[in-house]
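Engineer: One structure, as structure tokens, below. Some questions next.
What follows is calculated from the coordinates using simple rules that are stated; it is not laboratory data. It should be emphasised that the depicted structure is a prediction, and the values quoted were computed from it without experimental measurement. Cβ atoms come from the backbone with ideal geometry, glycine included; neighbour counts cover every protein chain shown.
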Amino acid sequence: MTETIVISHFGHTAEVDPAYGGRITRFYTERDGREIDWFQPTPPEGRDKLAPLSTGCYPLAPFSNRIENASLSFDGSNHHLAATPGFEPHAIHGDGWRVAWQVMEKLPRSARIYHTHAAENGWPFAYMVMQDVMLDDDGLLVTMAILNTGKVPMPAGLGLHPYFRRAPDTRLTVSLGTIWPPENGPIPKSSADLPAELDFSAGRVVPDGLDTCFGGWTGPARIDWPDTGDALSIETQGPVEHAVIYTPEGRDHFCFEPVSHVIDGFNLAAAGMENTGSFTLGPDETLSVTVRFRPVT
């Protein structure tokens, strides 16, 4: 089994477990004699890809969140996907988080891992996805790129699924333009104007009970933990204009997930819905996104 990769730079440390779905299992900063964990740290035990823990930050490829009833409408055809165990009847988060990744390169402050998928096993398109994890003076940079290695066009999307510590006073600040209201569980059918109670532009305590996609994300997002005085900025490059906010009730964590497309975006786009963020990659074409996690000093 591939060992966990540890990279460090300028007081920041990240740990990556390629065998555990390519997950960043820990990201922390040493400051004033403290180790500040920005993601919920992953314990060394219980790293079962098929029953993943709610920790760290894992890659979403070749799509984010759910495809309704594991049925994909694309390019005039319907494809039956494999429903994800525990999330039936839907397929969720693609393949990358449930497989072992390979190591392409490891340096003192960066690592590159990759996963290749043949046109089988529930997703009928061939691709390769790479994840670059790098530390610089400002924090953590994660770049993902997916390449269509097949001979036909394929739908594609990328994202990251980080888990953050949640205290009663944890605040989220982010400018969002629209909401995709959930109808079938978290699956939306259309977009709507952002309701006042979910306007985070001036900062708001993280609410309970969300499993919702938002569009029109502009500028950085910021998470503040007043109980410790820590804060983290989340910034993006590339086509990352959507975010999923997941706030399970009674749990000590929540998720703010930078993603390229909305929940069930491929099917919504096939039905004529606009602004879903869905991409089509021709053979040998690539989609790339970058997310920076920057501790605020």
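Engineer: Straight distance only, please: which aspartates and glutamates reach the Cα of residue 151 with their own Cα at less than 15 Å, same-chain residues fewer than 8 apart left out?
Structural biologist: Here the aspartates and glutamates satisfying the reach criterion relative to residue 151 are 75, 120, 284, 285.
Engineer: Using a Förster distance of 25 Å, how high is the FRET efficiency between residue 119 and residue 48, based on the Cβ-Cβ distance and rounded to 0.05?
Structural biologist: 0.40
Engineer: How are the Cα pair distances of the chain distributed, in percent, across 5 Å bins from 0?
Structural biologist: With a bin width of 5 Å, the distribution comes to 1, 5, 12, 17, 20, 18, 14, 8, 4, 1, 0, 0.
Engineer: Something else: In nm, what is the difference between 0.36 nm times the number of residues separating residue 184 and residue 218 and their Cα-Cα distance?
Structural biologist: Full-extension gain reported as 9.5 nm.
Engineer: Then there's this: Hey, what D do you get for the range 1-136 in µm²/s if you plug the Kirkwood alpha-carbon radius into Stokes-Einstein at 20 °C and 1.002 mPa s?
Structural biologist: The diffusion coefficient I find is 133 µm²/s.
Engineer: Work through the residues other than residue 203 whose Cβ is under 12 Å from its Cβ and net out their charges, Lys, Arg +1 and Asp, Glu -1.
Structural biologist: 0
Engineer: Work out the FRET efficiency for residue 198 and residue 87 from their Cβ-Cβ distance, taking R0 = 30 Å, and round it to the nearest 0.05.
Structural biologist: 0.80
Engineer: Under 8 Å for C-alpha pairs, at least 6 residues apart: give me the relative contact order for the range 234-297, rounded to a whole percent.
Structural biologist: Computed value for the range 234-297: 40 percent relative contact order.
Engineer: Here is a further query. Would you mind counting up the charge near residue 216? Only other residues with Cβ under 13 Å from its Cβ, with Lys and Arg at +1 and Asp and Glu at -1.
Structural biologist: -4
Engineer: On to the next question. For residue 106, give me every one of the aspartates and glutamates with a C-alpha distance below 19 angstrom, ignoring sequence neighbours fewer than eight places off in its own chain.
Structural biologist: 3, 15, 17, 132, 136, 137
Engineer: Okay, moving on. Using Cα-Cα distances under 8 Å and only pairs 6 or more residues apart, what relative contact order does the range 188-297 have, in percent?
Structural biologist: 28 percent
Engineer: For a paramagnetic label modelled at 7 Å from the Cα of residue 251 toward its Cβ, which residues of the range 167-203 fall within the zone defined by backbone nitrogen distances under 15 Å?
Structural biologist: Label zone hits: 167, 186.
Engineer: Return a whole-number percent for the relative contact order of the chain, with Cα pairs under 8 Å and 6 or more residues apart as the contact set.
Structural biologist: Computed value for the chain: 18 percent relative contact order.
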